[in-house]
Each structure stands twice: as structure tokens, then as C-alpha cells.
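Trainee: A single structure is presented below for examination.
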Amino acid sequence: HLINGITCEQGEIFGDLCLGLVMELADDTLEGYYAKQSQGLSVETVTTITQHLAAGLSALHQDGITHRDLKPANVLLVKDQWKLGDFGIARSLQDKTSTYTNPSQQIGTVAYMPPEAYSGRISPAWDVWALGVMIHQLVSGQHPFPTELAPELMRMVLMEEPKIDPNLPVSLRDIVTGCLVKDSKQRWNSGRILEILESQPKPF
């Protein structure tokens, strides 16, 4: 569930050096797919998306890599598979110096940043937080920290508990709650999410 990069390319556009990546062709992004669904996404569809992304994150985290920019625009639909794409700010944690970044130079998408992002700490738990935010949005249409202002969002993420929609089905509500634990060490990991999903009875 990671987008397949086939080969890298180098060339020029109007005299400027450009680097490119040839990858498998995706049919859509999750952002585009969601926008086309007038009735929203079914619980079964969101559960499938969650399972695919958790599998992709699990593979990534086992290799010591944190994506850091998980969001609907960076999730790609390839036939019937949902895959992680855009690894532009991914960070390998094999080198201990890579576990921190300058908090004054925030990179990523604010809406999906966990509390520790504001102190510059990087870990796989960053991606799990973003997954929890995304699941909540896909099912309820609302961000778990509802505000349009970045400074207010930062305050809420650091100081307040998420406003989890009570209408979320229990199976996904438990996962969202586990993903949005403020203490990154207590937060669920991608492996646990997979275990929960795989243990659930499959609908006919």
C-alpha cells in the first residue's frame, strides 16, 4: 500500500533543472474521490481505506520511516487499492539526529499535525495521529478539533481533548480515540490498528 516508484528522471524545463519520478498511474486521490461522493463515504469504505493505510504505514514504520504528511491529497487510489504517496518530507529515523526538527520551521499540513509536532519531535506516532484525524473527517465530515484558525487549532491540539462525533460507529470510534491520544508513547500504532480491523467480523 505504498505507491510504486518505477524510475527517477532528470531534465530541463525552460532552462531549469528538474527532477521527476515515474510511478504507477493512480485513478484518483482520496481528496478527489471524497469530493465526488454526494452522500459521503460508507463505513465499509472508510474501514477499507483505514486498513489499507494502516498496512502501508506499518511497512513504512518497520523500515524506520515517518511520512509526516498523511492527508487525503496524499492518498492515491490505484484500481481497488489505497496507497500512500508523496514522500517529499518523509524522515528516516535510523539516524538519532533525525528524531527532531526545528519547531520554528514547521513542515507538513497543520490540520494533521500532532501535539509533538509543535515541539519538533518526530516519530511514527505522528502518522497515526494524522490517520485518526482523517478517519474522523471521512466519516463525520468534521475535523476533531473544529476551527478554521491555525493558532486556535494549535491551542486546541495541545490543550483540549478531541470532539469525537458520537455517531461514529464503535469500531472506528475506538480507532480514532486510540489515534488521537496526546501522549505519543501511549498512542496506538499502525500494527494495533490492523489487529483491531482484522479481528472484526467481515460483512457479507
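The values are calculated or read from the model by the stated rules, or taken from the named source; none is laboratory data. As the structure is a computational prediction, the values presented were derived from the model and not from experiment. Because the Cβ atoms are built from the backbone with ideal geometry, glycine has one as well, and the counts that use them run over all protein chains shown. Side chains included, ligands, DNA and RNA excluded: accessible areas come from the protein's heavy atoms. Shrake-Rupley method; radii C 1.70, N 1.55, O 1.52, S 1.80 Å.
Trainee: Counting only residues 5 or more places away or on other chains, whose amide H sits under 5 Å from the amide H of residue 2 once H atoms are built in the peptide plane?
Mentor: For residue 2, whose amide H was placed from the backbone, the distant partners under 5 Å are 84.
Trainee: Once neighbouring chains are kept in place and the probe is 1.4 Å, which whole percent of the accessible area of the chain is contributed by carbon and sulfur?
Mentor: On the way: 5930 of 11140 Å².
In the chain, the share of accessible area belonging to carbon and sulfur is 53 percent.
Trainee: Whole-Å semi-axes of the stretch 106-204's equivalent ellipsoid, largest first, each the root of 5 times a Cα gyration tensor eigenvalue? Intermediate values should be presented prior to the final figure.
Mentor: Values: eigenvalues 111, 52, 21 Å².
Sorted largest first and rounded, they come to 24, 16, 10 Å.
Trainee: Can you list the HN-Hα couplings for the stretch 75-81, worked out from phi with the Karplus curve (6.51, -1.76, 1.60; θ = phi - 60°), rounded to whole Hz and with x for Gly and Pro?
Mentor: 10, 10, 9, 10, 6, 10, 10
Trainee: Which whole number in µm²/s is D for the chain by Stokes-Einstein, with the Kirkwood Rh taken over Cα pairs at 4 °C and 1.567 mPa s?
Mentor: In µm²/s, the coefficient is 73.
Trainee: What residue among 152, 12, 116 shows peak mean-square fluctuation when the chain is described by a Gaussian network model with Cα springs under 10 Å?
Mentor: Fluctuation is largest for 12.
Trainee: Assuming 0.36 nm per residue, please report the length gained on full extension of the stretch residue 80 to residue 62 beyond their Cα-Cα distance.
Mentor: 4.1 nm
Trainee: Kindly provide the chymotrypsin sites (Phe, Trp or Tyr not before Pro) of the stretch 2-96 that DSSP labels as loop, not H, G, I, E or B, and whose Cβ sees at most 10 other Cβ atoms within 10 Å.
Mentor: Working: sites: 14, 33, 34, 82, 87; in loops: 14, 87.
Answer in residue order: 14.
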